[in-house]
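Structure, as structure tokens:
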Amino acid sequence: MPHFARSGSAAVAGHQEMISRLAAFLRAADAALDAWDLYSDEHTDLDGWPYEPDAYDDRKAERDQAVWAALDPVREEAGVLLEAAEADLERIAIPSIQTRWMWQLAQLRGALNSIEAAHEEYQEFRTAQPQADKDALQAAADFRNAEAWHALDTWILHGRAVLEIHTATVRASAGSRIATTPPPAPSPSASHTTRR
């Protein structure tokens, strides 16, 4: 029995670490987007056209790289997070469920497929071109990041749904433990209060 308890605790701890990495991705992505918005506002005209298109494209590639790098620690476990969130929705009381969560999880799943497809294409290039120089590898990475941008942006927009579902599940679990715990017995002195 202790072995299973340890395994369950390890699984909970592992899931919590994945949740923490997702939260870290969202913070880093938000920072990258804030920096991009500031740059874009200062380097484009009122119609959104950049003053220096080449510099603007370079800066956009840096933004894409920063967001990809932020997601990378979460990317391989993102499918596990989505499966856990989908399973958690079945354990949360209906009044606590946000109607948008299922739609958001579906959006995240589709985006993850696009991200993985872009990553596989990049890996295929690296395998096919083992002697590729640094510039060629960077160009391939930039292409991957740009191809995956809309999918990355979807994770920025909707990734918080996974955190919200996790929080709702933790609250529901804590509430069920409280509900099944009998109230403490009144102390003997409580029944002997004097009335005035």
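Computed from the C-alpha gyration tensor, the three semi-axes of the ellipsoid equivalent to segment 56-143 are 35, 15, 9 Å, from longest to shortest.
Residue by residue, segment 134-148 carries 3J(HN,Hα) couplings of 4, 5, 5, 5, 5, 4, 5, 5, 4, 5, 4, 5, 5, 4, 8 Hz when phi is fed to the Karplus relation 6.51 cos²θ - 1.76 cosθ + 1.60 (θ = phi - 60°); x denotes Gly or Pro.
Each residue of segment 30-45 is assigned a 3J(HN,Hα), and the resulting list reads 4, 5, 5, 5, 4, 5, 5, 4, 5, 4, 4, 4, 7, 10, 10, 7 Hz, derived from the Karplus form 6.51 cos²θ - 1.76 cosθ + 1.60 (θ = phi - 60°), x at Gly and Pro.
Model label sites at E42 and A128, defined 7 Å from Cα along the beta-carbon direction, differ in position by 4.0 nm.
What's the carbon and sulfur percent of segment 119-170's accessible surface, probe 1.4 angstrom, rounded to a whole number? Present the calculation step by step, with values, prior to reporting the outcome.
Working: 1540 of 3010 Å².
Answer for segment 119-170 is 51 percent, counting heavy atoms of protein chains only.
In the full protein context, segment 1-118 carries 61 Å² of accessible surface per residue, based on a 1.4 Å probe and ignoring ligands, DNA and RNA.
The calculated FRET efficiency for the pair Q138 and I94, based on their C-beta separation and a Förster distance of 45 Å, comes to about 0.35.
In this simple spin-label model, placing a label point 7 Å from the Cα along the Cα-to-Cβ direction at both E17 and D72 gives a separation of 1.9 nm.
Scanning residues 5 or more positions from T44 or on other chains, those with amide H under 5 Å from its amide H are Y51, with H placed 1.01 Å from N in the peptide plane. Put simply, the convex hull of the Cα atoms in segment 95-135 casts, on average, a shadow of 4.1 nm².
The values are calculated or read from the model by the stated rules, or taken from the named source; none is laboratory data. Note that the structure is predicted; figures quoted are calculated from it, not measured. Cβ coordinates were reconstructed from backbone atoms using ideal geometry, including for glycine residues, and neighbour counts include every protein chain displayed. We work out accessible area using only protein heavy atoms, side chains counted, and drop any ligands, DNA or RNA first. Shrake-Rupley method; radii C 1.70, N 1.55, O 1.52, S 1.80 Å.
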